[in-house]
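Below: one structure, written as structure tokens.
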Amino acid sequence: DKTADFEAVMTRLRDALAKSEKPERRQQAAGWRVVKVPQPMPDGTIAYVHVINPVVQGADYTIMQILYDELPTERQALYEQYRGAFAKNLSLAQGPIAVDLSKAP
């Protein structure tokens, strides 16, 4: 169970975004949530879903790149912790929006 490691890296990501000198990074933090799926996957692994709304146009959401840029002295340790926290990479939900209920027809 590496959920504590994954969540620790996400906490460092939150801190890095919030303390960034780049305004777009602080904007990214304002709309980024990480949701822990309540039920384990059939193989027992725990899944997390990133919900980003609103998306900062043109911003790079690559987690490790943000951490490398904002926390360069922690680069290797964060990489090892993040890499070790994965059993597999899932894409639970992706694709175009079929109907946006927030917008009038």
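Given Cβ point charges of +1 (Lys, Arg) and -1 (Asp, Glu) and nothing else, what value in debye, to the nearest 20, does the dipole of the chain about its Cα centre take? Mind showing how you got there, number by number?
Working: 13 positive and 13 negative charges, 39 e Å.
Computed about the Cα centre, the dipole is about 180 debye.
Work through the residues other than residue 46 whose Cβ is under 15 Å from its Cβ and net out their charges, Lys, Arg +1 and Asp, Glu -1. Mind showing how you got there, number by number?
Details: positive: 2, 36, 88; negative: 1, 5, 7, 43.
For residues surrounding residue 46, the net value is -1.
R0 = 22 Å: FRET efficiency of residue 88 with residue 14, Cβ-based, nearest 0.05?
That pair, residue 88 with residue 14, gives E of 0.40.
Based on the Cβ-Cβ distance of residue 97 and residue 26, what FRET efficiency does E = 1/(1 + (r/R0)^6) give at R0 = 22 Å, to the nearest 0.05?
Efficiency computed from Cβ-Cβ geometry: 0.30.
Quick one: grab the alpha carbon gyration tensor of the range 28-72, order the square roots of its eigenvalues as a ≥ b ≥ c, and give me rounded if a/c is under 1.5, else prolate or oblate depending on whether a/b is larger than b/c.
oblate
Between beta-carbons, use under 12 Å as the cut-off and find the net charge around residue 56, counting Lys and Arg +1, Asp and Glu -1.
Values: positive: 22, 25, 26; negative: 24, 60.
With Lys, Arg at +1 and Asp, Glu at -1, the neighbours total +1.
Please compute the per residue accessible area over the range 3-105 with all protein chains in place, 1.4 Å probe, rounded to a whole number of Å².
Here the residues of the range 3-105 average 71 Å² of exposed surface.
Where the centre of each part is set by its Cα atoms, how far does the range 1-38 sit from the range 48-74, in angstrom?
If you average the Cα positions of each part, the centres end up 8 Å apart.
Shape call for the chain from the C-alpha gyration tensor, a ≥ b ≥ c root eigenvalues: rounded (a/c under 1.5), prolate (a/b greater than b/c) or oblate?
In terms of gyration-tensor shape, oblate.
Tell me the carbon and sulfur percent of the accessible area for the chain, rounded to whole percent, probe radius 1.4 Å.
53 percent
In the chain, if the dipole is taken from +1 on Lys/Arg beta carbons and -1 on Asp/Glu beta carbons about the Cα centre, which of 31, 9, 67 is farthest to the positive end?
31
The values are calculated or read from the model by the stated rules, or taken from the named source; none is laboratory data. Treat the numbers as computed from the prediction; the structure is a model and nothing was measured. Please note: Cβ atoms are built from the backbone with ideal geometry, for glycine as well, and neighbour counts cover all protein chains shown. Keep in mind that these areas ignore ligands, DNA and RNA; they rest on the heavy atoms of the full protein, side chains included. Shrake-Rupley method; radii C 1.70, N 1.55, O 1.52, S 1.80 Å.
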